[in-house]
C-alpha cells in the first residue's frame with residue numbers, strides 16, 4: 001500500500017513527493033500574499049501622503065493669493081491717497097499764492113482809482129474763482145482715477161487667480177492671457193485631449209466691480225467671435241439682480257469666483273466629449289490608411305519583436321527557476337536518504353551488539369520508514 005502524508009495546511013493526503021511540492025507551493029503563496037499586502041499598505045500610505053501634500057499646496061496657494069490681493073489693495077489705496085493729498089496741497093499753496101498776489105495788486109492800485117481797482121479786483125476774483133473751480137474739478141477727477149486704479153488692481157488680482165487655477169488644474173491644456181487693451185476677454189482656455197488634439201476654447205472675462213454691467217454679455221459674445229471660442233464665461237463678484245447663483249444669459253455663462261472652479265471642470269469635460277465625437281467622425285478613410293501603414297511599418301514589427309523577446313526572457317527565467325527547484329528537491333531527497341541509511345545502519349550495529357536487549361523499531365526493521373512533511 002502506497003505511503004501518504006497528510007498536509008497540515010489543507011488536510012489533504014499526498015504522496016511524499018507530491019506533499020513536499022504541495023508544501024513548497026503553499027509557502028510560496030503565503031510569501032507572495034504577504035508581499036502583496038505590504039505593497040498595498042505602502043501604496044495606500046503614499047497615496048495618503050500625496051493627497052495631504054496636494055491639499056496643503058492648495059491651501060498655501062489660496063493664502064498667498066489672499067495676501068497678495070490684500071497687499072496690492074493696500075498699496076494702491078495708499079498710493080492714491082498720497083498722490084491725491086500731495087496734489088491738493090500743491091494746488092492749495094498755488095491758490096494761496098494767487099490770492100496773496102491779488103491782494104498785493106489790489107492794495108497797489110487802490111490809489112489809482114476806486115472804480116478801476118474794483119473792476120480789476122472783480123476780474124481777478126472771477127479768474128481766481130475759475131481757477132479754483134478748475135482745480136476742484138481736477139482734484140475730483142484725480143480721486144476718481146485713484147479709485148478706478150484701485151478697482152482695476154483688485155480685478156487684476158482675480159484675473160491672476162483665475163489663470164493660475166486653470167494652469168495648475170489642467171496641465172495638458174493651454175491657458176493664453178489676452179494682452180491689456182486688446183479685444184478678446186481676459187484669458188482663453190484651449191482644451192486638449194490626451195493626444196494633444198484641440199477640443200475647443202473657453203473665453204473667460206474677469207469682473208470685480210460694485211455693479212453688474214448690462215453690456216458685458218454682448219461684448220463677450222463679440223470677443224468670442226474674435227477668438228473663435230465655444231463657451232464664454234463672465235466671472236464677477238456681483239451677479240445680476242435677478243440671479244441668485246450662476247446661470248446662462250444671452251448665450252454667456254455668468255458665475256462668481258467660488259463657482260468658477262467647478263464650472264471650469266464641467267465645461268472642459270463637455271468640450272472633451274464633443275471633441276472625441278468630432279474627431280471620431282472626421283477622416284475615417286485617412287485613419288484606415290494610417291492604421292494600415294502603421295501595421296506594415298518596421299516600427300510596428302520592431303515593437304512586436306520586443307514584446308516576443310520579453311516573453312521569451314520571462315519563459316527562460318521561469319525554466320531556470322524550475323530547474324533550480326528540481327535540483328534543490330533532488331539534493332534534499334539525497335540528504336534525507338543518507339540520514340535514513342545511516343540511521344538504519346546505526347540501529348543494526350546496536351542490535352548486533354546488544355541483541356534482544358534493544359527493543360525492535362518496526363519502521364527500521366521492515367524498511368518502511370515514512371517521512372512526515
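Every number in this text was worked out from the coordinates using simple rules, so none of it is lab data. Every value quoted in this text rests on a predicted model; they were computed, and no experiment measured them. Using ideal geometry, Cβ is built from the backbone for each residue, glycine included, and neighbour counts are taken over all protein chains shown.
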Worksheet item: Rounded to two decimals, what is Rg over Rh for the stretch 171-282 when you use alpha-carbon atoms and the Kirkwood radius?
Response: 0.98
Discussion item. If I model a spin label at residue 197 and residue 221 as a point 7 Å from the Cα along the Cα→Cβ vector, what separation in nanometres do I get?
Written reply: 3.1
Practice prompt. Would you order 326, 204 from fewest to most other beta-carbon atoms within 10 Å of each residue's own beta-carbon?
Written response: 326, 204
Worksheet entry | For the stretch 15-55 and the stretch 165-228, distance of Cα centres in Å | 50
